[in-house]
1. Pairs needed: first member in region 28-53, more than 19 Å from Ile119 (Cα to Cα); second member anywhere, among the basic types (Lys, Arg) and part of a helix (DSSP H, G or I); C-beta distance under 7 Å; at least 6 residues apart or different chains.
2. Which of the numbered conditions does Ala19 fail, given that it passes all the others? Conditions: (1) within 21 Å of Ala105 (Cα to Cα); (2) not in a helix (DSSP H, G or I).
3. Just to be sure I understand the filter: pairs with C-beta atoms under 7 Å, separated by 6 or more residues or on different chains, first member in region 94-119 and closer than 15 Å to Ala31 by Cβ, second member in a loop (DSSP other than H, G, I, E, B) and of a type outside the set (Gly, Ala, Ser). Which pairs pass?
4. Would you point out which residue out of Ala23, Ala91 is modelled with pLDDT of 95 or more, surrounded by 14 or more Cβ atoms within 10 Å (Cβ to Cβ), out of contact with any Gly (no Cβ under 8 Å at 6 or more places or on another chain) and of a type in the set (A, V, I, L, M)?
5. For Gln60, only one of the following conditions fails: (1) at pLDDT 90 or above; (2) part of a helix (DSSP H, G or I). What is its number?
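The values are calculated or read from the model by the stated rules, or taken from the named source; none is laboratory data. Remember, predicted model here, so these are calculated numbers, not experimental data. Glycine also receives a Cβ, built like all others from the backbone with ideal geometry; neighbour counts cover every protein chain displayed.
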Amino acid sequence: MESERDVELASLTVDELAALRLAAQVMGHRAHLAGSPQVGLYFESLEAAVMAEQAGRAQQLSAHNTSPGHHTSIGPTVLTPMVGSAEVQTAIEYLRLLTANDGLAPAIRQYCLQLQRAIAAGTGAS
């Protein structure tokens, strides 16, 4: 059963999923370059969750089942092992950058805001 802090990807469109996947990939690369490997892993996990959602939808379509039933979620659990608040704050800041990016669809910005809140709630960060 999913935690109430988990955020579902099922509400995003195909195009929004593709944009979120690219955004997660960019932020993961940025985090690794900045010397924040745990933040990089968080964004790699987000990218993997998006890819799983995309694969689930493709599988449903290939089985001629167009009803949405595949739900992938990602929560703050990836950041739980982080002892230092610097990594958590970096992840939150990167999500804030995505949330503030007017070039992204409103649904993606809202999703990133939900992730930001979930991480903050899960770790006590703000």
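1. Met51/Arg21
2. (2)
3. Pairs that qualify, where the first residue is closer than 15 Å to Ala31 by Cβ and the partner is in a loop (DSSP other than H, G, I, E, B) and of a type outside the set (Gly, Ala, Ser), are Leu98/Leu104.
4. Working: Ala91 fails: modelled with pLDDT of 95 or more.
Only one candidate qualifies: Ala23.
5. Condition not satisfied by Gln60: (1).
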